[in-house]
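Before any comments, here is the structure.
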Amino acid sequence: MQLLQLRIFRYAVVGFIAFIIDAGVLYGLTTFAGVNYLFSAASGFMLGLTTVYLLSLRFVFADLKQRTNWTFTAFLGIGLIGLGLNEGIMWFFTEKLAFYYMASKIVSVAVVFFWNYVARKKFCFEVKAANGQ
């Protein structure tokens, strides 16, 4: 498996773990605690973001060096843009298209996953070797 394919696979695994946390918080707060789905989505997203950050450093981008000491700040900024996308997509699909909020979350995940990977690789990490992906 080429390095880029391996890294994307690892990012997908990390993303799946974060999704379980994110969706679990969304579902639990909304269904069992009666919290508005958009607030629940933001809470879950932020816990998922922390999970992705920690696992990405150790598992996905471990062979790359951090661009600066501000990597977490960049990671957080990218995550906040992702959060905005998440909230907007969830609101649109739930309120305007009458999707079940968990179905809206699946649509959101599909979009935000690609934004996060590309932006994090570009702005948070740099390639050590000339051939690195």
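Points to keep in mind about this one:
- Filter result for Leu55 (within 17 Å of Phe125 (Cα to Cα), in contact with a helix residue (DSSP H, G or I) (Cβ under 8 Å, 6 or more places away or on another chain) and open to solvent by 30 Å² or more (accessible area, probe 1.4 Å)): yes
- Residue that is open to solvent by 30 Å² or more (accessible area, probe 1.4 Å), out of contact with any Phe, Trp or Tyr (no Cβ under 9 Å at 6 or more places or on another chain) and at pLDDT 85 or above, where the choices are Glu95, Glu87: Glu95
Yes or no, residue by residue, for (1) aromatic (Phe, Trp, Tyr); (2) touching a Phe, Trp or Tyr at 6+ places or on another chain (Cβ under 6 Å); (3) surrounded by fewer than 19 Cβ atoms within 10 Å (Cβ to Cβ):
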residue: Arg10; (1), (2), (3): no, yes, yes
residue: Leu26; (1), (2), (3): no, no, no
residue: Leu38; (1), (2), (3): no, no, yes
residue: Thr73; (1), (2), (3): no, no, yes
residue: Gly79; (1), (2), (3): no, no, no
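- Unmet criterion (only one of (1) part of a helix (DSSP H, G or I); (2) under 18 Å from Lys121 (Cβ atoms)) for Ile21: (2)
- The residue that is modelled with the highest pLDDT, among those in the stretch 59-71 that are outside any helix (DSSP H, G or I) and open to solvent by 40 Å² or more (accessible area, probe 1.4 Å), is Ala62.
- Candidates Phe45, Phe93, Phe75, filtered to the one that is of a type outside the set (Ser, Thr, Tyr), free of Cβ contacts under 8 Å to residues at least 24 places away in the same chain and part of a helix (DSSP H, G or I): Phe93
- Residue check for Ser56: hydroxyl-bearing (Ser, Thr, Tyr) and either modelled with pLDDT of 90 or more or touching a Leu at 6+ places or on another chain (Cβ under 9 Å) (or both): no
- From the list Val111, Val118, Val107, the one residue that fits, being of a type in the set (A, V, I, L, M, F, W, C), in a helix (DSSP H, G or I) and at pLDDT 95 or above, is Val107.
The values are calculated or read from the model by the stated rules, or taken from the named source; none is laboratory data. Bear in mind the structure is a predicted one, so any value in this text is a computation, not a measurement. All Cβ positions, even for glycine, are placed from backbone atoms using ideal geometry, and neighbour counts span all protein chains on display. Accessible surface areas use protein heavy atoms only, side chains included; no ligands, DNA or RNA. Shrake-Rupley method; radii C 1.70, N 1.55, O 1.52, S 1.80 Å.
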